[in-house]
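To start, the structure itself, in structure tokens.
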Protein chains: 2
Amino acid sequence: MATGRTHRPATRSRGIPEATVARLPLYLRALTALSERSVPTVSSEELASAAGVNSAKLRKDFSYLGSYGTRGVGYDVEYLVYQISRELGLTQDWPVVIVGIGNLGAALANYGGFASRGFRIAALIDADPAMAGKPVAGIPVQHTDDLEKIITENGVSIGVIATPAGAAQQVCDRLVAAGVTSILNFAPTVLTVPDGVDVRKVDLSIELQILAFHEQRKAGEEGGTEAPVVAPAVHGSPAAVDRKGPDGDVPAVMPA
Amino acid sequence: MATGRTHRPATRSRGIPEATVARLPLYLRALTALSERSVPTVSSEELASAAGVNSAKLRKDFSYLGSYGTRGVGYDVEYLVYQISRELGLTQDWPVVIVGIGNLGAALANYGGFASRGFRIAALIDADPAMAGKPVAGIPVQHTDDLEKIITENGVSIGVIATPAGAAQQVCDRLVAAGVTSILNFAPTVLTVPDGVDVRKVDLSIELQILAFHEQRKAGEEGGTEAPVVAPAVHGSPAAVDRKGPDGDVPAVMPA
DNA sequence: GATTGTGAAGGTATTCACAGCA
DNA sequence: TGCTGTGAATACCTTCACAATC
């Protein structure tokens, strides 16, 4: 779900599998909570359950980082927090810009977990001149015109796009041209970027649609009641032949 | 990344692999765009590139749904839109409640892609009495006290949690008790739910941390120009064989 | 000739289950 | 005895490559 372009085998980066990397933040969060409660050590079983994964997976994940546990005892909380933080690159802090300070951008700017976890908002950028200078989350919004300058002067390599879909690709291009190499995209668009740039996408409607899929299945399962499927009568289209799907009548397509 | 609890093999649901389900919304979005431009048919190659995946994968994905294409020609756009919508359960519309109307909740409420894609905001709910009655995105906010009533009366089965982390589990429990079986969680917490309830999680700081991981790697690769990595004198990670024990300088742990 | 649909091959990820160590 | 670390087994996903079909 990341990767700059279709190529790049999404292969494990430096020996650590992508799937493992995606779980490290989860472990880190659970560990941080334990650390705050001054818990000195934790077993794979306990930690796994706090992170919502199973313990074998967790141990395998940690084994990619090294042997940081003690047999018969468990893991030293502080030590693990440090090792994972380092592995994730959180021992330095990353200046981040957020582009598009609408409802969502403002929500992101106000999100507390930001500063506390290795990231620092270097700037908020919006295309609306009326926003310029207005403080959001205590940070004055700057105009898109200065985007390149802001990126360069602050050494920003991570950008967050929270603009409308229509503007996202253009903003992305400018960010990349200015030197950003990692992008978190909240706009509902597929971004095209050159090799070497990572894009991750967060998309509300995709998540909801996935839930709807499972929800529908649940409804259909029990009692077999439901009969939601309307079944199209093969339209001017294909596979009249051996095609499976029910037939009935078609579209009435989606809105937009 | 979903699934109710550790168990449930995350197995394919009704023959359609989870990975495929997660891509259907992507295809649907690309198809909808084509549909709006009145494009009648599309090849796997074209559609795949619009959706940002490779064409073999797309064809394989579609093959799980049925044989909806025409060899030598491609796919009928309208027909596919309909089939995918149906598969995702978007031919009905799902009432959704959003709990926690802070910055993020408001942003979600204002998110346009909502109504247009098979979902309808049935209610906005917040624990702050001062919010009650105040309209957000044209919908009056209701108080948490009425949560159960709202869920039941509207037949809501999908809930969105946008509360602070501390309140999330409790809200989740109430939603589930009231009949919600799918939850989209924006709070940075692991939710525990009974079997049969799906949870999906959207987490800004996790995404950023994953980006930071890759970003760090990039910096390390090239000529080392960047030189950002502070590199604790500590030993390398893996191959250090029997690596072990905190010695020398360790932690300097994360804030929170 | 073009493009789909799909077996088969190749990877990646998860889980099992137990040897090894504190 | 208790718990980690990890090979081996399994499950899942992606990609290849080509026969089937329009």
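The values are calculated or read from the model by the stated rules, or taken from the named source; none is laboratory data. Treat the numbers as computed from the prediction; the structure is a model and nothing was measured. Neighbour counts are summed over all protein chains in view; Cβ atoms, including those assigned to glycine, are modelled from backbone coordinates with ideal geometry. Note: areas computed on protein heavy atoms with side chains; ligands, DNA, RNA excluded. Shrake-Rupley method; radii C 1.70, N 1.55, O 1.52, S 1.80 Å.
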Q.
Using a 7 Å offset from Cα along the direction of the beta-carbon, what are the separations from A:Glu18 to the same position in each other copy, nm, ascending?
A. 1.6
(Q) What's the magnitude of the charge dipole for region B:94-204 around its Cα centre, counting Lys and Arg as +1 and Asp and Glu as -1 at the beta-carbon? Answer in Debye, nearest 20. (A) 340 debye
Q: Summarise the partner chain shielding of B:50-56 as one whole number: the mean count of Cβ atoms from other chains within 10 Å of each residue's Cβ.
A: 2
Q. Given H placed 1.01 Å from N in the peptide plane, which residues other than close sequence neighbours of A:Thr41 have an amide H under 5 Å from its amide H?
A. A:Val77
Q.
Need one number: nm distance between label points at A:Glu46 and A:Asn154, each 7 Å from Cα along Cα→Cβ, rounded to one decimal.
A. 4.0 nm
Q) What average count of beta carbons from other chains do you get within 10 Å of the Cβ of residues in B:83-95? A) 6
(Q) For a protection proxy built on the mean count of beta-carbon atoms within 10 angstrom, sort A:85-97, A:179-191 highest first, please. (A) A:179-191, A:85-97
Q | Positive dipole terminus of region A:13-64, leading residue within A:Ala51, A:Ala33, A:Ile16 (C-beta point charges) | A | A:Ile16
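Give me the mean projected area, in nm² to one decimal, of the convex hull enclosing the Cα positions of region B:18-88.
4.0 nm²
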Q. Based on the Cβ-Cβ distance of B:Glu18 and B:Arg59, what FRET efficiency does E = 1/(1 + (r/R0)^6) give at R0 = 25 Å, to the nearest 0.05?
A. 0.85
Q | Dipole magnitude of region A:11-158, debye to nearest 20 (Cβ charges: Lys/Arg +1, Asp/Glu -1, about Cα centre) | A | 600 debye
Q: Find every distance from the label point of B:Asp146 to the corresponding label point in the other copies (7 Å from Cα along Cα→Cβ) and write them in nm, one decimal, shortest first.
A: 4.5
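Total Å² of accessible surface buried at the B-A contact, 1.4 Å probe, nearest 100? Don't skip to the answer; put the middle values down first.
Details: alone 15580 and 15440 Å², together 21870 Å².
Using a 1.4 Å probe on protein heavy atoms, the buried area is about 9100 Å².
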Q. Applying the Karplus parametrisation 6.51 cos²θ - 1.76 cosθ + 1.60 with θ = phi - 60° to the phi angles of region B:29-46, what ³J(HN,Hα) value in whole Hz is obtained for each residue in order, glycine and proline being reported as x?
A. 5, 4, 5, 4, 4, 5, 4, 5, 8, 6, 6, x, 9, 8, 8, 4, 5, 4
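Please sort A:192-202, A:74-84 by packing, taking for each peptide the average over its residues of neighbouring beta carbons within 10 angstrom, highest first. Can you show the working numbers first?
Details: A:192-202: 17.5, A:74-84: 22.0.
In decreasing order of mean packing, A:192-202, A:74-84 become A:74-84, A:192-202.
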Q: Give me the distance in nm between label points sitting 7 Å out from Cα along the Cα-to-Cβ direction at B:Asp145 and A:Asp146, one decimal.
A: 4.8 nm
Q) Distances from B:Lys218 to the same residue in each other copy, label points 7 Å out along Cα→Cβ, in nm, shortest first? A) 4.0
